[in-house]
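Reading through the structure tokens given below for one structure.
The values are calculated or read from the model by the stated rules, or taken from the named source; none is laboratory data. Remember, predicted model here, so these are calculated numbers, not experimental data. In this analysis, Cβ positions are derived from the backbone assuming ideal geometry, glycine residues included, and neighbour counts consider all displayed protein chains.
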Amino acid sequence: MDQEHLDKWKQLEHDFDHAVPEKVTRDVAYYRTILSNVIMIGAPNEDWILVDAGIKRYQDRILHACEERYGTKPPVAIILTHGHFDHTGSAKKLADHWQVPIYIHEKEMDYVTGKKAYPPGDPTVGGGMISLLSSLFPTKPEHLEGYVTALPMDGSIPELKGWHYIETPGHTPGHISLFRDEDRILIAGDAISTEKPESSLAVFFPIQHVYGPPAYFTQDWMEAETSVKKLANLEPDYVIAGHGLPMQGETMKQELKKLADNFINQAIPKHKRH
Ligand SMILES: [Zn+2]
Ligand SMILES: [Zn+2]
């Protein structure tokens with residue numbers, strides 16, 4: 001990393017230390033950790049749920065952001081979109097603090113209970129952000145045995161009325177997205193991204209566009225395409241992805257549709273298209 005990036009990075013770290021959630025709608029907010037978003041569903045003074053849990057050692061900042069919004073009232077549960085380290089890193093510490101259950105799709109269970117490892121990241125797809133942050137990456141998958149429970153198979157989310165989850169495999173086998181019909185709000189995890197994940201500059205200068213899943217860790221591109229089409233068919237009004245700033249409005253809708261229609265050209269790295 002050169003000096004200019006390093007200075008920016010330090011500034012960014014400082015900003016993140018302030019740990020304040022940003023409101024998206026009346027009862028949905030997010031907090032952008034250094035690498036990925038955590039999402040809070042529930043208005044202040046209501047029951048609420050945390051979606052995803054950032055990287056390791058981020059529990060204090062996540063907790064601070066949550067307390068800004070909910071005081072010391074714990075969530076009723078933590079839901080994980082998938083088991084990658086940048087979404088599950090602080091889950092155990094937070095669950096311990098709050099004494100709440102963690103839920104994940106059944107097909108992710110083996111990965112978060114030490115039975116299976118995700119395939120190693122694919123360095124041939126480019127990795128600005130990845131190489132930048134590689135020192136933060138864990139060597140072993142997060143182990144949540146005893147904390148984590150499989151979600152019901154019917155698409156319902158425990159303790160969360162009005163929402164359901166959609167299976168969006170590809171990035172990982174049991175990846176899920178969350179959707180609420182009432183206001184068409186979509187929490188997409190890594191099924192799509194609203195920053196170019198392979199660019200280190202995206203971390204410093206976030207420009208909102210709809211992109212495919214983070215390529216470095218995506219396991220099955222065919223499934224990933226089907227999942228993006230599924231999400232586009234929902235015609236969401238708001239999108240909060242695991243990486244990048246939330247989006248709403250016409251540009252997002254058009255870009256999501258375009259991504260679904262041209263997934264092979266837009267999302268799949270050139271040498272992986274066959
Ligand atoms: Zn991921
Ligand atoms: Zn991610």
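Could you tell me which numbered condition residue 74 fails, if it satisfies all but one of (1) at pLDDT 95 or above; (2) in contact with a strand residue (DSSP E or B) (Cβ under 8 Å, 6 or more places away or on another chain)?
Condition (2) is where residue 74 drops out.
When residues of region 62-106 are filtered for being within 17 Å of the chain's Cα centre (by Cα) and touching a residue at least 60 places away in the same chain (Cβ under 8 Å), how many remain?
11
Please name all residue pairs, on different chains or six or more residues apart, with Cβ atoms under 8 Å, provided the first residue is in region 259-274 and is crowded, with 20+ Cβ neighbours inside 10 Å and the second residue is in a loop (DSSP other than H, G, I, E, B) and of a type in the set (A, V, I, L, M, F, W, C).
Short answer, once both residue conditions are applied: 259/192; 259/210.
Tally the residues that are farther than 22 Å from residue 28 by Cα and either within 16 Å of ligand 1 (Cβ to nearest atom) or not in a helix (DSSP H, G or I) (or both), restricting the search to region 217-274.
Residues that pass the stated criteria total 15.
Restricting to region 54-109, and then to whatever is closer than 22 Å to residue 215 by Cα, among the β-branched types (Val, Ile, Thr) and part of a loop (DSSP other than H, G, I, E, B), can you tell me which residue is nearest to ligand 1 (Cβ to nearest atom)?
81
Return a yes/no flag: does region 196-206 have any residue that is under 20 Å from residue 119 (Cα atoms) and either within 12 Å of ligand 1 (Cβ to nearest atom) or at pLDDT 90 or above (or both). Give the steps one after another, and end with the answer.
The initial filter retains those residues of region 196-206 that are under 20 Å from residue 119 (Cα atoms), namely 197-198.
Now restrict to residues that are either within 12 Å of ligand 1 (Cβ to nearest atom) or at pLDDT 90 or above (or both): 197.
Yes, some residue in region 196-206 is under 20 Å from residue 119 (Cα atoms) and either within 12 Å of ligand 1 (Cβ to nearest atom) or at pLDDT 90 or above (or both).
Per-residue answers, yes or no, for (1) surrounded by fewer than 24 Cβ atoms within 10 Å (Cβ to Cβ); (2) among the β-branched types (Val, Ile, Thr); (3) at pLDDT 95 or above:
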residue	(1), (2), (3)
33	yes, yes, no
45	yes, no, no
50	no, no, yes
63	yes, no, yes
